[in-house]
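Take a look at the structure below.
What follows is calculated from the coordinates using simple rules that are stated; it is not laboratory data. The structure presented is a predicted model; accordingly, all values stated were derived computationally and were not measured. Cβ: placed from backbone, ideal geometry, glycine included. Neighbour counts: every protein chain shown.
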Amino acid sequence: MSAIRTSKLTTLAVAWCALIGLIPRPTFSQTLKNVGFIDVPGPKGQRFDYLTLDAEDHYLLSAHLGPRILYVVDVRSNSVVKAIPGVPGITGVEYIPGLRKIYTSDWGEEKIGVIDLKSMRVVKRLPTAEKPNGSAYAAAFRKIYVSNTNGKAMTVVNVDTDEIVKTLEFGSETGMPQYDSVAHKVYVNLRSTNEIAAVDPVNDSIVERYKVPGCQYNHGMAVDSEHHRAFLLCGGNRTLTVLALDTRETLGHFPLPQGADVVKFDPGIGRAYAACSSGFISVVQEDDPRHFRKLEDFPVQRLVHSLAVDTDTHRVYAPEQQDDGLPVARIMIYEAVLSPPAKE
């Protein structure tokens, strides 16, 4: 039998085995590559929550909800600079460029913590409605917006004075808020009523409120400000919905694994990443402002429900509290794998 004939038979045999599941099929659509991890000093096996980037100092700021710690991590050396205590039940984290200041949503005491990054300690605590959670910074207006999920409200804080200037009531549990820096509006999920509300940060008035078709119990949100697109995590029907904020039109619905919580958008490569606690990061690509497609459900450890994107390096950071059932306390580092250009 010739070598060519043998090669053809081998190829057919491999293809048939892959078809019937005897050997795993190769993954051609992989979107992320693990390049390392950062161990953090807090207790292992306890829940993490939101994290964000401080581009000025090259810091990753990570909330460890269980042990009440905020980690300050240098992403150049992948080392922990400081573990800041005294943030009970920390969920949300927001960095304010120029002021070297961090706001934390501290569910354990129903307060917003103000952290001075120079001294790396809590310098003020602002009382808020029940369960402060996700937050968004409207830089042009010098205000931070903190959702109070169970309080069915959103707290507005002036970042220059560290004073609460308004509390907006919605009559619905509030999910993640986001700021559209081009339209100059703050959007917030109203997850009990399957709605979106828009707030004018000039006077903090509610200017829009409407249903999102095909989206139930919308909690997570990321925004593409340039194109006025929102990526909504709809936990009630396990869907990522793409919403045109300028026209209220839904542009796509993509199925998600169980437990989708936090979604982030990388405008440099047009990708939305959704962390799902059942053990996946779902990846949706924006090809243009009207066309979107799901690339894959990238497998990670179970209970990973939050992530952050470094828009300069396109790295994704995701905290883990377990490794195949064993307790850990670490932040995984992934690099974006870009698809080669299509052949003509």
Inside segment 252-291, the number of residues satisfying the requirement of being part of a strand (DSSP E or B) and either among the small types (Gly, Ala, Ser) or within 14 Å of Val223 (Cα to Cα) (or both) is 16
(Q) Can you find a residue that is within 24 Å of Gly220 (Cβ to Cβ), in contact (Cβ under 8 Å) with a residue 60 or more places away in the chain and part of a strand (DSSP E or B) anywhere in segment 154-161? (A) no
Checked segment 230-251 for anything touching a Phe, Trp or Tyr at 6+ places or on another chain (Cβ under 9 Å), part of a loop (DSSP other than H, G, I, E, B) and either within 19 Å of Phe298 (Cα to Cα) or not small (Gly, Ala, Ser) (or both); matches are Gly235, Asn237, Leu245, Arg248
Scanning segment 169-199 residue by residue, the ones that are under 23 Å from the mean Cα position of the chain (by Cα) and assigned to a strand (DSSP E or B) total 18
Exactly one of Pro319, Pro327 is touching a Lys or Arg at 6+ places or on another chain (Cβ under 8 Å), touching a residue at least 12 places away in the same chain (Cβ under 8 Å) and surrounded by fewer than 23 Cβ atoms within 10 Å (Cβ to Cβ), and that residue is Pro327
Checklist entry - Does Val80 satisfy the criteria of being hydrophobic (A, V, I, L, M, F, W, C), surrounded by fewer than 22 Cβ atoms within 10 Å (Cβ to Cβ) and in contact (Cβ under 8 Å) with a residue 24 or more places away in the chain? => result yes
Within segment 137-152, restricting to residues that are of a type in the set (S, T, N, Q) and in a strand (DSSP E or B), the one that is nearest to the chain's Cα centre (by Cα) is Ser147
Going through segment 298-312 in order, the residues found to be of a type outside the set (A, V, I, L, M, F, W, C) and under 30 Å from Glu56 (Cα atoms) are His305, Ser306, Asp310, Thr311, Asp312
